[in-house]
1. Taking the stretch 41-87 as the search range and keeping residues that are assigned to a loop (DSSP other than H, G, I, E, B) and among the polar types (S, T, N, Q), which one is farthest from Ile13 (Cα to Cα)?
2. Search the stretch 8-30 for residues being in contact (Cβ under 8 Å) with a residue 60 or more places away in the chain and surrounded by fewer than 22 Cβ atoms within 10 Å (Cβ to Cβ), and hand back the single one that is nearest to Ala73 (Cα to Cα).
3. Test each condition in (1) closer than 20 Å to Ser138 by Cα; (2) assigned to a loop (DSSP other than H, G, I, E, B) for Trp34 and report the one that comes out false.
4. Name every residue in the stretch 130-157 that is part of a helix (DSSP H, G or I), open to solvent by less than 60 Å² (accessible area, probe 1.4 Å) and of a type in the set (A, V, I, L, M), in order of residue number.
5. Can you go through Val66, Val36, Val102 and tell me which one is in contact with an Asp or Glu (Cβ under 6 Å, 6 or more places away or on another chain) and either open to solvent by less than 30 Å² (accessible area, probe 1.4 Å) or within 21 Å of Ala160 (Cβ to Cβ) (or both)?
6. For the stretch 1-24, does any single residue satisfy the condition of being in a helix (DSSP H, G or I), closer than 22 Å to Leu95 by Cα and not small (Gly, Ala, Ser)?
7. Inspect all residues belonging to the stretch 106-126 and state whether any of them is assigned to a strand (DSSP E or B), acidic (Asp, Glu) and surrounded by fewer than 16 Cβ atoms within 10 Å (Cβ to Cβ).
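The values are calculated or read from the model by the stated rules, or taken from the named source; none is laboratory data. Keep in mind the model is a prediction, meaning the values are calculated, not measured. Neighbour counts run over all protein chains shown; Cβ positions are idealised from the backbone, glycine included. When the accessible area is computed, the model is the full protein with side chains, heavy atoms only, and any ligands, DNA or RNA have been set aside. Shrake-Rupley method; radii C 1.70, N 1.55, O 1.52, S 1.80 Å.
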Amino acid sequence: MVADGLRVLFCGINPGLMSAATGHHFARPGNRFWPVLHLSGFTPRLLKPAEQHELLSYGLGITNVVARATARADELTAEEYVEGGRLLAGKVTRLRPGWLAVVGVTAYRAAFADRTAKVGPQERTIGGTRIWVLPNPSGLNAHWTPATMAEEFRRLREAAEVPG
């Protein structure tokens, strides 16, 4: 779900088992990615995971830090995150999105060796691509509600609309 020159390339941690089975990102019913994407104004309507191809028409794409599917992200190794970060940086260099939005602060910290990163825009860039860390929309992340997540996604959407 990627293309050259996207406004925002969203990057999940890794495929869950349902995403791996269906081939659709954020496919688990309890995952809040699709509702939050809509609430934040990135999409004009709530998309289903099976409609992920429509994101490209909005200048949006999706990839993952790690390709291996697991039931839970905590099953991934530190080495997988580091290698995933290296491969992701290469992908971003080739595709040149305006923003890379890593969905999950723990994944960003592990993939890019930045233990102090917080949700929000980062100082680091990959070439001309700016980086924003978003909260993990998994239903397991109880620290963030759909409304507070949508506000953070909205901040990114507004930043991505400003020519950079």
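1. Initial filter on the stretch 41-87 (assigned to a loop (DSSP other than H, G, I, E, B)): 41-48, 59, 65-72, 76-77.
Narrowing further to those that are among the polar types (S, T, N, Q): 43, 70, 77.
On the way: Thr43: 21, Thr70: 10, Thr77: 12 Å.
Selected residue: Thr43.
2. Restricting attention to the stretch 8-30, the residues satisfying the condition of being in contact (Cβ under 8 Å) with a residue 60 or more places away in the chain are 8-14, 26, 28, 30.
From the residues that got through so far, the ones that are surrounded by fewer than 22 Cβ atoms within 10 Å (Cβ to Cβ) too are 28, 30.
On the way: Arg28: 14, Gly30: 15 Å.
Among those that are in contact (Cβ under 8 Å) with a residue 60 or more places away in the chain and surrounded by fewer than 22 Cβ atoms within 10 Å (Cβ to Cβ), it is Arg28.
3. Result: Trp34 passes all but (2).
4. Within the stretch 130-157, Met149, Ala150, Leu156 qualify.
5. Working: Val36 fails: in contact with an Asp or Glu (Cβ under 6 Å, 6 or more places away or on another chain); Val102 fails: in contact with an Asp or Glu (Cβ under 6 Å, 6 or more places away or on another chain).
Result of the check over Val66, Val36, Val102: Val66.
6. Step one: list which residues in the stretch 1-24 are in a helix (DSSP H, G or I), which gives 17-22.
Subset that is closer than 22 Å to Leu95 by Cα: none.
No, the stretch 1-24 has no match at all.
7. Filtering the stretch 106-126 down to residues assigned to a strand (DSSP E or B) leaves 120-126.
Of the ones still in play, those that are also acidic (Asp, Glu) are 123.
Then drop every residue that is not surrounded by fewer than 16 Cβ atoms within 10 Å (Cβ to Cβ), which leaves 123.
Yes, the stretch 106-126 contains a residue that is assigned to a strand (DSSP E or B), acidic (Asp, Glu) and surrounded by fewer than 16 Cβ atoms within 10 Å (Cβ to Cβ).
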